[in-house]
Amino acid sequence: MREAVAERTGPIRDVRPADSGNHADIASTVTGERATVFVKAARKLPDRDGPEVMSLRWEARVNAFVGELAPRLLWSAEAEGWLVLAFEHVPGRHPDYSPGSPDLDPVARTVGRLQAIRLPDVVDRPVTTRWAGIGDVSPMAGTALLHTDINPGNVIIAADGSVSLVDWAFVSHGAPWVELGQMIPWLLAAGHTPGSAEAWLARFAAWRAADPEAIDHYARLHTAVWTLRSERVAAAWIKPYLADVRRWAAYRGALE
């Protein structure tokens, strides 16, 4: 796999792992003699694609349709049981989502641009699958293109102020306001109250137009899903995330 990368970058001089993310076995900035790229790679299971490889295939599939918002996919390769994607390297920093942060406006403009992109045919995964079996998922159904995970770690602000969205592993289609609801726990984690988070979301037409009962229902189901995951998965970030989900759902009076 390293040879497959070096064939395109020249002999590798430096590898710097990303500081966050968990949807690939390797996520690193790779500097070769001829090029610097951001590499994501995952090892296949013996008889099929595992979840990490599948997530990379989703990223590769949608990239051509979100090029104005995401680092460009330069090439992909499969070698020795690995899938490798090489993206344009975009140096920058992650935004501050805290109340009053100057980063919130450019992030909002980028989310608005995303919501204006027509759903490409290659994105045939409904966002509703993540709540299947918990309750009625029809209020979250729709035909809007959704990134679904616009947390600060998946946003890069370059030196020129441009904003890129990375890690499209969960790209889906659904109601446009679901994208915004997915951001609420990250806004709360950055210091917003549920009220100030919703006030920020009110700048988006999709949020203003959403049925409040549908949002309540989403908050209830999202809490239930993450309560189950917290019981099954030991990742350290899940409990604080669930606490913020529950805080917002309680604010809306959506907890049972």
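Could you please rank ARG232, ARG252, placing first whichever residue has the fewest other Cβ atoms within 10 Å of its Cβ?
Numbers: ARG232 7, ARG252 15.
Taking fewest neighbouring Cβ atoms as first place, the list is ARG232, ARG252.
Using DSSP, restrict attention to beta bridges with both residues in the chain and report what percent are antiparallel, rounded to the nearest 5.
Details: 31 of 32 bridges.
In the chain, DSSP labels about 95 percent of beta bridges as antiparallel.
Using only the Cα atoms, what convex hull volume per residue in Å³ does segment 26-141 have? Show your work: numbers first, answer last.
Working: hull volume 19.7 nm³, N = 116.
With only Cα atoms used, segment 26-141 gives 170 Å³ per residue.
If R₀ is 30 angstrom, what is the calculated FRET efficiency for the pair ARG229 and ARG2, using the beta carbon separation as r and rounding to 0.05?
For ARG229 and ARG2, the calculated efficiency is 0.30.
Label points 7 Å out from Cα along the Cβ direction at GLU68 and ALA214: separation in nm?
Distance between label points: 2.4 nm.
Calculate the length of the line joining the C-alpha centroid of segment 120-154 to that of segment 45-72, in whole Å.
16 Å
ALA250 label point, 7 Å along Cα→Cβ, cut-off 19 Å on backbone N: hits in segment 211-225?
Output list for this probe position: 216-225.
If you take the alpha carbon radius of gyration of segment 128-249 and divide it by 2.2 N^0.38 Å, what ratio comes out, to two decimals? Present the calculation step by step, with values, prior to reporting the outcome.
Numbers: Rg = 14.4 Å, N = 122, 2.2 N^0.38 = 13.7 Å.
So segment 128-249 has a normalised radius of gyration of 1.05.
In percent, what relative contact order does segment 104-209 have, based on Cα pairs under 8 Å that are 6 or more apart in sequence?
On the way: 125 pairs, mean separation 29.0, N = 106.
The value is 27 percent.
Tell me, what HN-Hα J-couplings in whole Hz come from the Karplus equation 6.51 cos²θ - 1.76 cosθ + 1.60 at θ = phi - 60° for each residue of segment 170-177, using x for Gly and Pro?
So the J values, rounded to whole Hz, are 10, 4, 8, 10, x, 5, x, 5.
Arrange the following residues from fewest to most other Cβ atoms within 10 Å of their Cβ: ILE238, ILE215.
Numbers: ILE238 15, ILE215 24.
By the 10 Å Cβ count, ascending, the order reads ILE238, ILE215.
Take ALA141 and ALA159, extend 7 Å from each Cα along the Cα→Cβ direction, and tell me the distance between the two endpoints in nm.
Reported label-point gap for ALA141 and ALA159 is 4.9 nm.
Can you classify the chain as rounded, prolate or oblate using the Cα gyration tensor, where a ≥ b ≥ c are the square roots of its eigenvalues, rounded means a/c under 1.5, and otherwise it's prolate if a/b beats b/c and oblate if not?
Prolate shape, in that a/c is at least 1.5 and a/b is the bigger ratio.
Compute the length gained on full extension between MET54 and ARG113: take 0.36 nm times their separation in residues and subtract their Cα-Cα distance, giving the result in nm to one decimal.
Working: separation 59, 0.36 × 59 = 21.24 nm, distance 2.62 nm.
This chain segment gains 18.6 nm when fully extended.
Sorted from largest down, what three extents in whole angstroms do the Cα atoms of segment 2-88 have along their principal axes?
Principal axes ranked by extent give 34, 32, 23 Å for the Cα atoms.
Just so you know, all these numbers are worked out from the coordinates, no wet-lab data involved. For clarity, every value in this text was computed on a predicted model and none was experimentally measured. FYI the Cβ positions are ideal-geometry reconstructions off the backbone, even for glycines, and counts take in every protein chain you see.
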